[in-house]
Amino acid sequence: MNKKPIRLFFTVSLFLPILAAVAGSWPVETSIDPASYQSVVQVSGTSIDSISDEYGVKEVKPRLEFYCTPGSASAVSVRINWLRFISSFNTEVTFLADDQEPLTLKLGVDRSNKVTATRAAEDDKAIIAALSGQQMLLIRVTPYSEAPVEVKFDLDELDAGLAKLRQACTDAN
């Protein structure tokens, strides 16, 4: 009896959910916001590229996060968790999505100095509008006293994820 097909089936069954959650996947999750300690609903994606941490010791994959507070009538905010030091003060971040013009915004930096986030609803709307219907996103930031860092995100299924996110926040009303 040949056991290779059985092993292949179990190997694929084991790793397929992991692979499905990586590229082009924007799952809706509920978590506690580390900045406000409130419950938030979020849709997030992991970058295709990895970047070096601030010490050059390990590679990290930043996360692009869209979130809202349940009951907020679909007001969605945007942040990027770089998983490495970026700056201790506001910094410019450029978003380049497919055929869109580059969008450069000054984003705030949280207490960990690793997360850049919008500070105004207009910025959130501008980012979401620029990404709507697009397939690929390149985000560029220049960490304090370092060379620029760029990461790419697969935007496939982002529009559907954002629709589910808005619905999840609206349903909480």
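Rule-based calculations on the coordinates, nothing more; no lab input. Predicted model, so just to flag it, every value in this text is computed and none were measured. We place every Cβ from the backbone using ideal geometry, glycine too, and count neighbours over all the protein chains shown.
Of the residues E59, E92, which single one is touching a residue at least 24 places away in the same chain (Cβ under 8 Å), among the acidic types (D, E) and surrounded by fewer than 16 Cβ atoms within 10 Å (Cβ to Cβ)?
On the way: E59 fails: touching a residue at least 24 places away in the same chain (Cβ under 8 Å).
Residue meeting the stated conditions: E92.
State which residue pairs qualify: first residue exposed (fewer than 12 other Cβ atoms within 10 Å of the Cβ) and inside segment 30-50, second residue in a loop (DSSP other than H, G, I, E, B) in any location, beta carbons under 7 Å apart, and separation of 6 or more residues or different chains.
Q38/T69
Here's the yes/no breakdown for (1) touching a helix residue (DSSP H, G or I) at 6+ places or on another chain (Cβ under 7 Å); (2) of a type in the set (A, V, I, L, M):
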| site | (1), (2) |
| --- | --- |
| V115 | no, yes |
| A120 | no, yes |
| S132 | yes, no |
| L138 | no, yes |
| D154 | no, no |
| E157 | no, no |
| G161 | no, no |
| C169 | no, no |
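Taking the criterion of being part of a loop (DSSP other than H, G, I, E, B), in contact with a Lys or Arg (Cβ under 8 Å, 6 or more places away or on another chain) and free of Cβ contacts under 8 Å to residues at least 12 places away in the same chain, would at least one residue in segment 135-155 satisfy it?
Yes, there is a match, as at least one residue in segment 135-155 is part of a loop (DSSP other than H, G, I, E, B), in contact with a Lys or Arg (Cβ under 8 Å, 6 or more places away or on another chain) and free of Cβ contacts under 8 Å to residues at least 12 places away in the same chain.
May I ask you to list the residues in segment 151-173 that are surrounded by 15 or more Cβ atoms within 10 Å (Cβ to Cβ) and in contact with a Leu (Cβ under 7 Å, 6 or more places away or on another chain)?
Within segment 151-173, F153, L155, L158 qualify.
Does any residue of segment 65-80 turn out to be over 30 Å from T170 (Cβ atoms) and surrounded by 16 or more Cβ atoms within 10 Å (Cβ to Cβ)?
No, there is no match, as no residue in segment 65-80 is over 30 Å from T170 (Cβ atoms) and surrounded by 16 or more Cβ atoms within 10 Å (Cβ to Cβ).
Under 9 Å between Cβ atoms, at least 6 apart or on separate chains: pull out the pairs that start in segment 108-133 with a residue that is in a strand (DSSP E or B) and end on any residue that is surrounded by fewer than 19 Cβ atoms within 10 Å (Cβ to Cβ) and among the β-branched types (V, I, T).
Within 9 Å, the pairs are G108/T91; V109/T91; T116/T91.
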